[in-house]
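Undergrad: Below you will find the structure I want to go over with you.
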Amino acid sequence: MSLSTTVHAGAAPHSQSEIDTTYRKITWRLIPFLAFLWLLAWIDRVNVGYVKLTMLDELKWSESVYGLGAGIFFLGYFFFEIPSNLMLQKIGAKKTLMRITIGWGATCIAMMFAKTPEVFYALRFLMGAFEAGFLPGVIVYLTYWFPSGRRAKVLSLITAASALSSVVGGPLAGNILNLMGGVGGLSSWQWVFLIEGTPTVLAGVFTYFYLTDRPQEANWLSAREKQLVAAELERDHQALGHREHSVFAALKDARLWLFVLIYFSIVAANATLNFYGPSIVKELGYTNPATIGWIMSGAFLLGAVAQIANGSHSDRQQEVRWHCAGAALLGVIGMLIVAISLGRSPALVLTGLVIAVIGTSSAFPVFWQMPNRLLSGAAAAVGVALINSIANLAGFGSPFMLAEVKAATGGLSPGLFVIAAVELLAVLLILWFVPKHPKARKAA
């Protein structure tokens with residue numbers, strides 16, 4: 001077969017221009033909406049980091065209550081992620097993503113009634129249980145549409161929404177906290193949960209009518225475009241060679257567990273930045289919630305730009321190891337700057353915080369291209385969910401650890417040194433144990 005064209009039996013060859021045009025069409029149809037859902041997920045997930053600024057004082061809760069509640073979200077993630085991805089295989093993406101989105105949005109609204117630690121813990125666990133499967137489901141969903149050489153960029157466009165969530169959610173939460181206290185007899189933190197959860201429920205309903213499960217079912221693609229996508233995915237399948245389809249065989253593969261450990265290390269750093277970033281800024285003397293929100297907004301805006309740039313460059317270069325490891329290393333450097341500078345130099349703390357956000361955020365979209373080259377079919381559905389569910393236990397451990405360290409020492413620096421060491425482990429594991437993968441040959 002010619003490298004300059006992709007041929008489907010009985011059809012005229014597809015030019016590279018036609019291929020690119022079709023994938024631009026698919027990208028514009030699917031990716032902005034999936035990114036919007038991920039944006040809502042992160043706003044609803046991490047708004048406790050901003051609500052904490054007033055909620056703890058009003059309810060007389062300790063740092064430990066907050067740390068446990070922030071982290072227990074990931075226990076729900078752990079228990080329900082694999083079942084969620086298996087359900088996606090059976091009932092399709094749009095029904096699965098609809099269920100997930102409505103569920104976590106409704107739980108976010110219910111958080112306004114969390115006036116005891118027990119209710120707080122239960123609702124955070126429930127939110128994790130509902131959101132479980134969203135990102136792994138999207139990762140598997142993209143394999144139905146995009147060949148491997150196009151996935152890092154489109155996934156970076158989606159995952160950048162997690163960084164953009166702080167660009168939107170930080171100022172939004174800060175202003176609600178400043179302006180809505182006492183309105184309708186509700187506290188300002190209650191308004192945050194109500195206002196930020198309601199759009200998510202509405203978006204979940206819309207999901208069912210907007211998404212298409214697979215290219216063959218897309219009435220917005222022509223017959224030739226569907227044929228082109230099928231040919232591109234088949235070409236990619238042949239180029240990647242054998243990938244494990246068996247769930248049980250995949251679970252016995254040491255490489256799968258290597259990816260669990262790598263992702264665990266990256267998630268630990270990311271959870272720290274999301275759940276304790278506002279607290280770090282507050283320690284610098286910024287007491288206005290809106291100001292804290294805008295500072296975090298700026299840091300995560302740069303993180304979003306860096307995610308997209310790193311994912312795009314990875315696709316162009318057909319390289320993932322250094323793009324992931326280098327980004328994580330930048331995150332380590334930023335975290336160390338914050339840990340060393342706290343209590344000494346506010347300017348250095350803010351600089352380190354921005355560097356940590358840029359580096360850690362940029363590692364995410366590129367990371368997922370490594371296990372995708374190992375797994376396919378049902379093994380991919382379970383494997384991706386397993387990696388994400390176990391690794392996200394770091395999201396439980398790191399906030400709880402930081403809360404306990406701060407309670408014991410009076411500061412966050414010792415805990416931040418630990419998190420930096422954990423993220424450094426990801427860098428070393430990638431460079432030592434993840435093999436180089438031959439660059440895929442592109443159509444001319």
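Undergrad: Just one of (1) modelled with pLDDT of 80 or more; (2) in a loop (DSSP other than H, G, I, E, B); (3) farther than 30 Å from Ile292 by Cβ trips up Trp61, so point out which.
TA: For Trp61, the failing item is (3).
Undergrad: Is there any pair linking a residue in the stretch 347-372 that is within 30 Å of Ala254 (Cα to Cα) and without any contact (Cβ under 8 Å) to a residue 24 or more places away in the chain to one that is of a type outside the set (A, V, I, L, M) and outside any helix (DSSP H, G or I), with Cβ under 9 Å and at least six apart or on different chains, and which?
TA: Correct list of pairs: empty, since none qualify.
Undergrad: In this structure, is Phe417 of a type in the set (Phe, Trp, Tyr) and surrounded by 20 or more Cβ atoms within 10 Å (Cβ to Cβ)?
TA: Answer is no for this residue.
Undergrad: Is it true that some residue in the stretch 61-73 is of a type in the set (Phe, Trp, Tyr), closer than 30 Å to Gly411 by Cα and either surrounded by fewer than 21 Cβ atoms within 10 Å (Cβ to Cβ) or out of contact with any helix residue (DSSP H, G or I) (no Cβ under 8 Å at 6 or more places or on another chain) (or both)? Walk me through it before giving the result.
TA: The first filter runs over the stretch 61-73 and keeps only residues of a type in the set (Phe, Trp, Tyr), leaving 61, 66, 73.
Then drop every residue that is not closer than 30 Å to Gly411 by Cα, which leaves 61, 66, 73.
Imposing the further condition that a residue be either surrounded by fewer than 21 Cβ atoms within 10 Å (Cβ to Cβ) or out of contact with any helix residue (DSSP H, G or I) (no Cβ under 8 Å at 6 or more places or on another chain) (or both) reduces the set to 61.
Yes, the conditions are met somewhere in the stretch 61-73.
Undergrad: If Arg316 meets every condition in (1) farther than 16 Å from Ala271 by Cα; (2) at pLDDT 90 or above apart from one, which number is that one?
TA: With respect to (1) farther than 16 Å from Ala271 by Cα; (2) at pLDDT 90 or above, Arg316 is out only on (2).
Undergrad: A further question on this structure: Could you tell me which of the residues Ile262, Ile280 is closer than 27 Å to Arg344 by Cα, in a helix (DSSP H, G or I), touching a helix residue (DSSP H, G or I) at 6+ places or on another chain (Cβ under 8 Å) and not polar (S, T, N, Q)? Reasoning before the result, please.
TA: Details: Ile262 fails: closer than 27 Å to Arg344 by Cα.
None of the other options fit; the residue is Ile280.
Undergrad: So, one more: Could you grab the pairs with beta carbons closer than 7 Å, sequence gap of 6+ or different chains, first residue in the stretch 269-290 and touching a residue at least 40 places away in the same chain (Cβ under 8 Å) and of a type in the set (Lys, Arg), second one surrounded by 23 or more Cβ atoms within 10 Å (Cβ to Cβ) and part of a helix (DSSP H, G or I)?
TA: Lys282/Ile292
Listed here are the residues, each with its yes/no results for (1) of a type in the set (Ser, Thr, Tyr); (2) out of contact with any helix residue (DSSP H, G or I) (no Cβ under 9 Å at 6 or more places or on another chain); (3) under 20 Å from Gly103 (Cβ atoms); (4) surrounded by fewer than 20 Cβ atoms within 10 Å (Cβ to Cβ).
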{"position": "Lys115", "(1), (2), (3), (4)": "no, no, no, yes"}
{"position": "Ser165", "(1), (2), (3), (4)": "yes, no, yes, no"}
{"position": "Gly170", "(1), (2), (3), (4)": "no, no, no, no"}
{"position": "Val183", "(1), (2), (3), (4)": "no, no, no, yes"}
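Yes/no matrix, rows are residues, columns are (1) modelled with pLDDT under 85; (2) part of a helix (DSSP H, G or I):
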site	(1), (2)
Lys115	no, no
Glu118	no, yes
Leu126	no, yes
Val138	no, yes
Lys153	yes, yes
Leu157	no, yes
Ala163	yes, yes
Asn178	no, yes
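Undergrad: Looking at the structure I just gave you, is Thr22 modelled with pLDDT of 90 or more, in contact with a Gly (Cβ under 6 Å, 6 or more places away or on another chain) and surrounded by 20 or more Cβ atoms within 10 Å (Cβ to Cβ)? Walk me through how you get there before you give the answer.
TA: Values: modelled with pLDDT of 90 or more: yes; in contact with a Gly (Cβ under 6 Å, 6 or more places away or on another chain): no; surrounded by 20 or more Cβ atoms within 10 Å (Cβ to Cβ): yes.
In short, no.
Undergrad: Could you grab me the full set of residues in the stretch 49-60 that are among the aliphatic types (A, V, I, L, M) and crowded, with 21+ Cβ neighbours inside 10 Å?
TA: Step one: list which residues in the stretch 49-60 are among the aliphatic types (A, V, I, L, M), which gives 51, 53, 55-56, 59.
Once the filter is applied, which keeps residues that are among the aliphatic types (A, V, I, L, M) and crowded, with 21+ Cβ neighbours inside 10 Å, the stretch 49-60 yields Val51, Leu53, Met55.
Undergrad: Say we look at the stretch 238-259 and pick out the residues that are assigned to a helix (DSSP H, G or I) and of a type in the set (Gly, Ala, Ser); which of these is modelled with the highest pLDDT?
TA: Within the stretch 238-259, the first condition is being assigned to a helix (DSSP H, G or I), and the residues that meet it are 238-240, 247-251, 254-259.
Filter again for of a type in the set (Gly, Ala, Ser), leaving 239, 249-250, 254.
Working: Ala239: 71, Ala249: 65, Ala250: 62, Ala254: 80.
Out of the qualifying residues, it is Ala254.
Undergrad: Within the group Leu135, Leu164, Leu155, which residue is of a type in the set (A, V, I, L, M, F, W, C) and in contact with a Pro (Cβ under 6 Å, 6 or more places away or on another chain)? Full working, then the answer.
TA: On the way: Leu135 fails: in contact with a Pro (Cβ under 6 Å, 6 or more places away or on another chain); Leu164 fails: in contact with a Pro (Cβ under 6 Å, 6 or more places away or on another chain).
The match here is Leu155.
Undergrad: Which residue is nearest to Leu172 (Cα to Cα), if the candidates are limited to the stretch 194-230 and must be in contact with a helix residue (DSSP H, G or I) (Cβ under 6 Å, 6 or more places away or on another chain) and charged (D, E, K, R)?
TA: Glu196
Undergrad: Which numbered condition trips up Leu221, out of (1) at pLDDT below 75; (2) under 30 Å from Ser17 (Cβ atoms)?
TA: Going through the list (1) at pLDDT below 75; (2) under 30 Å from Ser17 (Cβ atoms), Leu221 breaks only (1).
Undergrad: Can you say whether Phe367 is at pLDDT 80 or above, under 18 Å from the mean Cα position of the chain (by Cα) and closer than 30 Å to Ala239 by Cα, as far as the supplied structure shows? Can you show your working first?
TA: On the way: at pLDDT 80 or above: yes; under 18 Å from the mean Cα position of the chain (by Cα): yes; closer than 30 Å to Ala239 by Cα: yes.
In short, yes.
Undergrad: Being at pLDDT below 90 and buried (at least 24 other Cβ atoms within 10 Å of the Cβ) is the filter; apply it to the stretch 290-302 and report the residue that is nearest to Ala163 (Cα to Cα).
TA: Once the filter is applied, the top-ranked residue is Phe300.
Undergrad: Report, ordered by the first and then the second residue, all pairs with beta carbons closer than 7 Å, sequence separation of six or more or different chains, a first member in the stretch 119-142 that is touching a residue at least 60 places away in the same chain (Cβ under 8 Å) and farther than 20 Å from Leu59 by Cα, and a second member that is aromatic (Phe, Trp, Tyr) and surrounded by 24 or more Cβ atoms within 10 Å (Cβ to Cβ).
TA: Sorted first by the residue in the stretch 119-142, then by its partner, the pairs are Met127/Phe73; Met127/Trp104; Glu131/Tyr77; Glu131/Trp104; Ala132/Tyr77; Ile139/Trp368.
Undergrad: When you go through Leu135, Leu97, Leu86 one by one, which is the residue that is surrounded by 22 or more Cβ atoms within 10 Å (Cβ to Cβ) and farther than 18 Å from Ala391 by Cα? Don't jump to the end; show me each part of the working.
TA: Numbers: Leu135 fails: farther than 18 Å from Ala391 by Cα; Leu86 fails: surrounded by 22 or more Cβ atoms within 10 Å (Cβ to Cβ).
Sole residue among the options that is surrounded by 22 or more Cβ atoms within 10 Å (Cβ to Cβ) and farther than 18 Å from Ala391 by Cα: Leu97.
Undergrad: Go through the stretch 59-83 and report how many residues are within 22 Å of Ile280 (Cβ to Cβ) and charged (D, E, K, R).
TA: Selection size over the stretch 59-83: 1.
Undergrad: Then there is this: In the list Val349, Val422, Val405, which residue meets the criterion of being within 21 Å of the chain's Cα centre (by Cα) and either basic (Lys, Arg) or not in a loop (DSSP other than H, G, I, E, B) (or both)? Spell out the reasoning first.
TA: On the way: Val349 fails: within 21 Å of the chain's Cα centre (by Cα); Val405 fails: within 21 Å of the chain's Cα centre (by Cα).
From the options Val349, Val422, Val405, the qualifying one is Val422.
Undergrad: Give me the pairs, please: first residue somewhere in the stretch 308-331 and farther than 26 Å from Ala421 by Cβ, second residue anywhere and assigned to a loop (DSSP other than H, G, I, E, B) and aliphatic (A, V, I, L, M), beta-carbon distance under 8 Å, and either six or more positions apart or on two chains.
TA: Gln318/Ala440
The values are calculated or read from the model by the stated rules, or taken from the named source; none is laboratory data. Because the structure is predicted, anything quoted here is derived from the model rather than measured. Every residue, glycine as well, gets a Cβ built from its backbone with ideal geometry; the counts of neighbours run over all protein chains shown.
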